[in-house]
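The structure appears below as structure tokens.
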Amino acid sequence: MTVRIKYTKTGNFKFIGHLDLMRYFQKAVKRAGLDIAYSKGYSPHQMMSFAAPLALGVTSEGEYFDAQFNTLVSSDEFVRRLNAQMTEGVEVRDVILLPEKAKNSMSLVAASDYHVTPVQGFLEEEWDRLLRGAGKLLEQEQIEILRKTKKSEKVEDIRKGIYKLYADGNQLYMLLAAGSEYNLKPELVTEALCGFLSIPYNRAAYQVHRLETYMKNEEGALVSLLESGTKIQ
Amino acid sequence: MDMTKRALSDEILMQVEKPARYIGNEVNMVKKNPADVEIRFAMCFPDVYEIGMSHLGMQILYDQFNRREDTYCERVYSPWPDLDRIMREKNIPLFTLETQSPVMDFDFLGITLQYEMCYTNILQILALSGIPIWAKDRGNGVPFVFGGGPCSYNPEPIADFFDAFYIGEGEVSYDKVFDVYQAAKRENLDREEILYRFSKIPGIYIPSMYEVSYKEDGTIRAFFPKREGVPEKIQKQLVMNLDEAPYPVKPLVPYIRATQDRVTLEIMRGCIRGCRFCQAGMIYRPTRLKSVEVLKQYARDMVKSSGYEEISLSSLSSSDYQCLKELTAFLIEELGEKEGVNLSLPSLRIDAFSLDVMQRVQDIRKSSLTFAPEAGTQRLRDVINKGLTEEEILNGAMQAFHGGWNKVKFYFMLGLPTETEEDAEGIPALCEKVAEAYDHIPKEERTGRVSITASASFFVPKPFTPFQWAAMLDGDTYSDRAHHVKDVFRKQPKAKSMKFHYHESYVSVLEGVFARGDRKIANVIYDAYKSGCIFDAWTEFFDYEKWLAAFAKNGVSMDFYTTRERPVEEVLPWDFIDIGVTKQFLASEWEKAKQGVVTPNCRESCSGCGAAKFGGGVCYDRKN
Ligand code: SF4
């Protein structure tokens, strides 16, 4: 039986990488005494898969993973028992049961939205300019950036990955493509916006926070990954 | 209290490798409010986080100290060179993980000394904390710097950097240290007087309270307390009832993968064997066991409180644990099969029992057999009192080959006392025999080609062993010998199935100096550190040239400490420590070694080493 677990990753946890977070959850599930399923063989491992990895330094309140259990407890009990094992920075928000043969969360992910907030070393004036410039950037037909990988550099048009981009109070809001089809990192959009406005980009000056991870429903609308299943009573 | 406070800014944490090394807040971390306690203890492992977090002894003391309501023990590890640079540039003081507060604010800084090559890291810790490097320069209000662990059995090379050393197992006397400190604080005593009071606690050595004088030839003339009431000899402290000693049943669980990323179950302390090169085998005498019932309970509790899916046994020689069968059966059946916890095995003596256990817990095709004969010939194995015969090795290997194994690992040492060319050549010869034995396995039983990996390290004589008087080989002779062995390996008929590696000589030579060094070494360590040496245990940072320069600058000869055989009458720098095992026993073992006479292990018969004076352990097993 596969369940989907929604959790937050904040505070110190932004410095914990994706693989380490997986190991953290594996241990937490064990401490919680939940009946997790193991693969067969000499070094059995828990059947767990994570939705969309988060870059180091980014916080989130919309993270997901799927895991298989031999027996279940109610959603509320799942949440309670897991939260009793969490250290500060991770909180389990929801647990749902997936129907048999449901697609895993990783293959479902279609988009994520974020808040970007100024941290330090950033002039207020520039931040205002950035907030005001967001709309103009979105009016462009093409937004070209230089994508660097270990081996190559190439110019890429990221416009198609930006669904929404606007000032939300004092924060910058963005809804971006995510997942296996096209994945756009919020840092790249911030960098592109800075470039567009001729503001020097400094990664340490922004805190990125993921709000939610979405999939597409049958009508093609973006909905929460929790829509795949139902609460366990 | 805000537990998310951080000593380092996001910007810095995002710049350094593995920022999780510095943020604390791990599962089972102890949280207290520093304002509610009277004693703040910063416990330090002077190496990188992943290594330090793997150390059982530190977890034991962390747990024990924090059981005291008036004490908050926090952890410190060496900042990796990337962060070290930033901290120096920006003047960020070294901080503890728990409350992220400066080490300077603490009452104690306790540093565990597990290997000699961490000595420059101690200076790094002190410097980054803002604590004067030389103990004599520290005034009131500066934390008391304590050392402990195996290297404190000869603390002399680093004595001038420490206020105190704790000799022995930490569980015993720290409560007294804290109580004495509390009282002294109430009386408003100054640093010197507090140290004087510490000096009267069993096991505590205060280097500044002793005077050393030297002869013209550089050896020690006399070593004596400077002040009335300071003990002449320091007694090693030992836990006699391990079942009653505190054990960290809620171990700290790191976020990033540590070197030992599993539950560690300590099954016994000490070793009955008495290999003559082995320091642990002497300083932890007598052998003491934990009862199997207690261990089963610990195993259950620790798996539950940590969520680990792997458990390993810790001891010097697990095969000698008398209830090993019962314990492994429990771990495999109750925790393994029912709860998915893998048992990772320490190296066991290869026999029918251990092969059976190995078969149940690991994939034979991926695992290998391990033998540690240490020397290539029976003659030399008798000299070092390693009770492992060629016949035992061949029998064990054959049984394993029949069981489906085809990979064998061998550990040897080169440069052992009395070693000849023939002994060295015995290494490839022994490996060849094992490789040939595989030919006797019927083809249909074989799982592939046999593969033998032998490695040799450079023997370093250690204090409190029968070889403490022995000459260490010089670096070049060792390298030549290792080279020669490699050549002989190439000429073996089964050369294609065998690999031979050997360690470089440089690090071992330095280890040799530190292991048996005296107070004259301190300036060398200081100068090496000043010239940029840190993380010497890491090949990528080790810089031998800088070390050579530091020795030259101070006019200190390395050979004096390494290649010189000491007469038994010589006053050794560590003679003031009483480990229970007598100097007389060690000397007779040294004599027997030269004659190639073996000594039975403690269970076969007692050899009267002196450790029986602790009143327990294996010395009394037979008698009741
Ligand atoms: S006194 Fe005897 S039994 Fe005890 S440790 Fe020494 S040799 Fe072994």
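Can we say A:Tyr173 is modelled with pLDDT of 95 or more, within 19 Å of the chain's Cα centre (by Cα) and among the aromatic types (Phe, Trp, Tyr)? So A:Tyr173 passes the test. So is B:Val568 β-branched (Val, Ile, Thr), more than 14 Å from every other protein chain (Cβ to nearest Cβ) and more than 16 Å from the ligand (Cβ to nearest atom) or not? Judged against the criteria, B:Val568 is a match. Put simply, of A:Val73, A:Val90 the only residue that is outside the structural domain of A:Ala167 (by TED's automatic domain parsing), touching a strand residue (DSSP E or B) at 6+ places or on another chain (Cβ under 8 Å) and of a type in the set (Val, Ile, Thr) is A:Val90. If only residues of segment B:283-299 that are surrounded by fewer than 21 Cβ atoms within 10 Å (Cβ to Cβ) and among the polar types (S, T, N, Q) are counted, the one that is nearest to the ligand (Cβ to nearest atom) is B:Ser291. When segment A:19-29 is filtered for residues that are in contact with a strand residue (DSSP E or B) (Cβ under 7 Å, 6 or more places away or on another chain) and open to solvent by 10 Å² or more (accessible area, probe 1.4 Å), the ones remaining, listed by number, are A:Met22, A:Gln26, A:Lys27. Within segment B:451-461, the presence of a residue that is over 26 Å from the mean Cα position of the chain (by Cα), within 20 Å of B:Glu392 (Cβ to Cβ) and assigned to a loop (DSSP other than H, G, I, E, B) is excluded. Among the strands (runs of 3 or more DSSP E) confined to segment B:89-203, there are none with at least 3 residues that are hydroxyl-bearing (Ser, Thr, Tyr) and open to solvent by less than 10 Å² (accessible area, probe 1.4 Å). Take the residues in segment B:300-317 that are within 14 Å of another protein chain (Cβ to nearest Cβ) and touching a strand residue (DSSP E or B) at 6+ places or on another chain (Cβ under 8 Å), then tell me which one is farthest from the ligand (Cβ to nearest atom). Only one residue fits best here, namely B:Gly307.
Scanning segment B:601-612 for residues that are more than 9 Å from B:Val581 (Cα to Cα) and within 9 Å of the ligand (Cβ to nearest atom) yields a count of 6. Considering (1) surrounded by fewer than 18 Cβ atoms within 10 Å (Cβ to Cβ); (2) within 14 Å of another protein chain (Cβ to nearest Cβ), the lone condition that A:Val208 does not fulfil carries the number (1). With respect to the conditions (1) more than 24 Å from A:Ala177 (Cα to Cα); (2) touching a His at 6+ places or on another chain (Cβ under 7 Å); (3) of a type in the set (Ser, Thr, Tyr), A:Ser60 lacks only one, and its number is (1).
So that you can scan it fast, the table gives a plain yes or no per residue for (1) farther than 24 Å from B:Tyr478 by Cβ; (2) loosely packed, with under 15 Cβ neighbours inside 10 Å:
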residue: B:Ala552; (1), (2): no, yes
residue: B:Glu565; (1), (2): no, yes
residue: B:Phe585; (1), (2): yes, no
residue: B:Trp590; (1), (2): no, no
residue: B:Lys594; (1), (2): no, yes
residue: B:Glu604; (1), (2): yes, yes
residue: B:Gly608; (1), (2): yes, yes
residue: B:Lys613; (1), (2): yes, yes
residue: B:Asp621; (1), (2): yes, no
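Every test in (1) closer than 20 Å to A:Leu56 by Cα; (2) buried (at least 16 other Cβ atoms within 10 Å of the Cβ) is passed by A:Gly133 save one, and that test is (1). Residues in segment B:423-451 that are among the charged types (D, E, K, R), without any contact (Cβ under 8 Å) to a residue 60 or more places away in the chain and buried (at least 16 other Cβ atoms within 10 Å of the Cβ): B:Asp423 alone. Summed over segment A:3-39, the residues that are away from chain B (no Cβ under 11 Å) and not in a helix (DSSP H, G or I) give a count of 7. In the set (1) open to solvent by less than 30 Å² (accessible area, probe 1.4 Å); (2) within 14 Å of another protein chain (Cβ to nearest Cβ); (3) outside any strand (DSSP E or B), B:Arg257 fails one condition alone, (1).
When restricted to residues that are within 13 Å of another protein chain (Cβ to nearest Cβ) and either open to solvent by 20 Å² or more (accessible area, probe 1.4 Å) or aliphatic (A, V, I, L, M) (or both), segment B:9-49 contains 17.
If the requirement is being over 23 Å from the mean Cα position of the chain (by Cα) and either free of Cβ contacts under 8 Å to residues at least 60 places away in the same chain or open to solvent by less than 50 Å² (accessible area, probe 1.4 Å) (or both), which of these qualifies: B:Thr370, B:Thr465, B:Thr420? Even if it seems obvious, please write down each step before you answer.
Values: B:Thr370 fails: over 23 Å from the mean Cα position of the chain (by Cα); B:Thr465 fails: over 23 Å from the mean Cα position of the chain (by Cα).
Among B:Thr370, B:Thr465, B:Thr420, only B:Thr420 is over 23 Å from the mean Cα position of the chain (by Cα) and either free of Cβ contacts under 8 Å to residues at least 60 places away in the same chain or open to solvent by less than 50 Å² (accessible area, probe 1.4 Å) (or both).
From the list B:Gly270, B:Gly274, which residue is within 16 Å of the ligand (Cβ to nearest atom), touching a Ser or Thr at 6+ places or on another chain (Cβ under 8 Å), open to solvent by less than 20 Å² (accessible area, probe 1.4 Å) and farther than 30 Å from B:Asp301 by Cα? When all the criteria are applied, what remains is B:Gly274.
The values are calculated or read from the model by the stated rules, or taken from the named source; none is laboratory data. No experiment lies behind these values; they were computed from the predicted model shown. So basically every Cβ, Gly included, is an ideal-geometry build from the backbone, and we count neighbours across all protein chains shown. Note: areas computed on protein heavy atoms with side chains; ligands, DNA, RNA excluded. Shrake-Rupley method; radii C 1.70, N 1.55, O 1.52, S 1.80 Å.
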